[in-house]
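The values are calculated or read from the model by the stated rules, or taken from the named source; none is laboratory data. As the structure is a computational prediction, the values presented were derived from the model and not from experiment. Cβ placement follows ideal geometry from the backbone for every residue including glycine, while neighbour counts extend to all protein chains displayed. Accessible surface is based on the protein model in full, side chains and every heavy atom, while ligands, DNA and RNA are left aside. Shrake-Rupley method; radii C 1.70, N 1.55, O 1.52, S 1.80 Å.
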Amino acid sequence: MAALALEDGARGQAQGRRGCEHYDRGCLLKAPCCDKLYSCRLCHDNNEDHLLDRFRVKEVQCINCEKIQRAQQTCEECSTLFGEYYCSMCHLFDKDKKQYHCENCGICRIGPKEDFFHCLKCNLCLTVNLQGKHKCIENVSRQNCPICLEDIHTSRIVARVLPCGHLLHRGYRCPLCMRSALDMSSYWRHLDDEVAQTPMPSEYQNMTVDILCHDCNGKSTVQFHILGMKCNFCESYNTAQSGGCRISVDQQ
């Protein structure tokens, strides 16, 4: 009786433990690479020295009756629903988040499907409001995020499409081409006020410098200021010094 009570208690804990921090599911994946049971491929990869190939998964274990069986949506022994959403190609079990499998991407995406289209040149699913309105870069997602170094194509974190066409998970400017990732106009106006309220010492007031704007690629000659130099063309402060400082003849 005591052994039976312990078994029932363990099963009760399993019933309350739906999946992991990554996915809500009623089964464990049997990793074909090491035959170990894990809630998901991410949990496996975080604990092993090799990666789990989601497409090679053939078997799962029900968290309620513990029967190991072929990968499917419902337990063949106790009828436990392994996932409201199930993809037989990716072997993805999860809550219903309007997921869909994109054959061109080769993996599942969070939808709804009608809100996205697959750009063949970028080779990535994008929101429909970007159709015909984004800069295409061939296979742009088949690389790591330059900020966090996580693979963009398979990441569970949504990547931001920048005006320059590059992708990244976070950051205010693209580290590849240095263009602003967000509308920075309000911050630039704040910098205008800061510059106006912070006069440079007299020996620097007539000093000019050549700058290159990362946002419009314009080249300007502007007054040097320690807080930033504003582009004469697009008024961005996302600039870099491209030449030495000069002091006017009058000041000399």
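Summary of computed values
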item	result
Neighbourhood charge, 13 Å Cβ-Cβ cut-off, centred on Gly243 and excluding it, Lys, Arg +1 and Asp, Glu -1	+1
Accessible-area order (highest first, 1.4 angstrom probe) of the listed residues Glu114, Glu59	Glu114, Glu59
With every protein chain in place, the chain: carbon and sulfur % of accessible area (1.4 Å)	49 percent
Cut-off 13 Å between beta-carbons: net charge of the residues surrounding Tyr172, Lys and Arg +1, Asp and Glu -1	+2
Inter-site label distance for Glu235 and Ser79 at 7 Å from Cα along Cβ, in nm	6.7 nm
Accessible surface, 1.4 Å probe, highest first, among residues Tyr100, Tyr187	Tyr187, Tyr100
Long-range amide H partners of Ile107 with built H, under 5 Å	Cys102
Reported label for calculated mean projected area of the Cα convex hull in nm² given (1) 13.8; (2) 20.5; (3) 12.4	(2)
The stretch 106-159 versus the stretch 33-79: alpha-carbon centroid distance in Å	27 Å
Listed peptides 26-32, 197-203, 89-95 by packing density, highest first (mean Cβ within 10 Å)	26-32, 89-95, 197-203
Relative contact order of the chain, pairs being alpha-carbon contacts under 8 Å that are 6 or more residues apart, as %	8 percent
Local electrostatic count at Leu130 - Lys and Arg +1, Asp and Glu -1, tallied over other residues with Cβ under 12 Å	+2
Average accessible surface area per residue within the stretch 131-252, 1.4 Å rolling probe, Å²	60 Å²
Relative contact order of the stretch 52-154, defined on C-alpha pairs under 8 angstrom at six or more residues apart (%)	13 percent
Computed accessible area, Met184, all protein chains, 1.4 angstrom probe, square angstrom	30 Å²
Relative contact order (%) - criterion: Cα under 8 Å, at least six apart; region: the stretch 35-103	18 percent
Cut-off under 5 Å, modelled amide H: who pairs with Leu92 long-range	Cys87
Under Karplus coefficients 6.51, -1.76 and 1.60, residue-wise ³J(HN,Hα) of the stretch 111-123 in Hz, glycine/proline x	x, x, 4, 5, 8, 10, 9, 9, 7, 5, 6, 5, 6
